[in-house]
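The structure under discussion appears below in the form of structure tokens.
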Amino acid sequence: MKLQETGKQGTFGYAKAHFYTRAVLYGFLVALSAALFRNPTEDMFPWYVSLVILLFALLMVFGISPLFTSHRLTRSRLMLRQGLFFRSIIPLMDIESAKEYDGEVRIGLALSLRSSILFVTSSMHNLVEIRLKRPRRFPQLLGFSANRIVLNVDKRDELLAALNERLTSLAPVKSDSPDA
């Protein structure tokens with residue numbers, strides 16, 4: 001997805017090739033299960049229904065949900081979205097810094113408790129680390145907190161430039177008055 005500028009906000013997408021390969025694998029799994037249950041008997045019917053429910057759940061979690069992943073930067077907030085299940089709004093005032101990330105990566109929505117990092121990733125490329133001023137709790141992760149967030153986007157340099165520009169514009173103004 002390309003960066004879409006509308007005034008002072010932009011939407012940053014991510015590479016979807018990882019999920020397209022999963023969709024092909026999923027299609028193969030559906031075809032294989034259909035071949036196995038060509039002639040279901042009454043004894044096999046509960047197994048067949050269970051398999052259909054499992055395949056539908058897999059389709060929702062690994063196929064459709066990741067297609068809704070995008071991150072949005074507005075004048076005052078960074079909105080993170082990972083599929084249909086995770087959405088978080090982070091005020092820019094809570095962000096200490098943003099930079100490239102080249103450390104250990106977990107794919108998907110994952111929390112590293114020992115290093116207090118929240119991973120909102122779909123691949124190991126174009127990673128951005130957002131360091132927060134103080135730890136933040138995430139209800140979608142059972143209330144655990146993190147003080148760093150790692151995410152990936154297609155255009156990392158554009159996100160970092162836009163985010164750092166907004167962060168510097170939020171810097172506190174120092175007064176030269178005698179009352180300061």
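The values are calculated or read from the model by the stated rules, or taken from the named source; none is laboratory data. Please read all numbers here as calculations on a predicted model, not as lab measurements. Every residue, glycine as well, gets a Cβ built from its backbone with ideal geometry; the counts of neighbours run over all protein chains shown.
Below, the figures for the structure above:
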item	result
Verdict on R166 being over 16 Å from the mean Cα position of the chain (by Cα), over 30 Å from T21 (Cβ atoms) and part of a loop (DSSP other than H, G, I, E, B)	no
The lone exception for T69 - which of (1) in contact (Cβ under 8 Å) with a residue 40 or more places away in the chain; (2) in contact with a Leu (Cβ under 8 Å, 6 or more places away or on another chain) it fails	(2)
Test result for M79, modelled with pLDDT of 85 or more and out of contact with any Gly (no Cβ under 8 Å at 6 or more places or on another chain)	yes
Output for the stretch 132-151, where each listed residue is surrounded by 14 or more Cβ atoms within 10 Å (Cβ to Cβ) and farther than 14 Å from F86 by Cβ	L132, S145, N147, R148
Any hit, the stretch 109-120, residues being modelled with pLDDT of 90 or more and surrounded by 17 or more Cβ atoms within 10 Å (Cβ to Cβ)	no
Close pairs (8 angstrom Cβ cut-off, 6 or more residues apart or separate chains): without any contact (Cβ under 8 Å) to a residue 60 or more places away in the chain in the stretch 41-58, hydroxyl-bearing (S, T, Y) and surrounded by 11 or more Cβ atoms within 10 Å (Cβ to Cβ) anywhere	L51/S33; L55/Y26; L55/S33; L58/Y26
Among residues of the stretch 79-102, those that are touching a residue at least 24 places away in the same chain (Cβ under 8 Å) and more than 12 Å from the chain's Cα centre (by Cα), counted	12
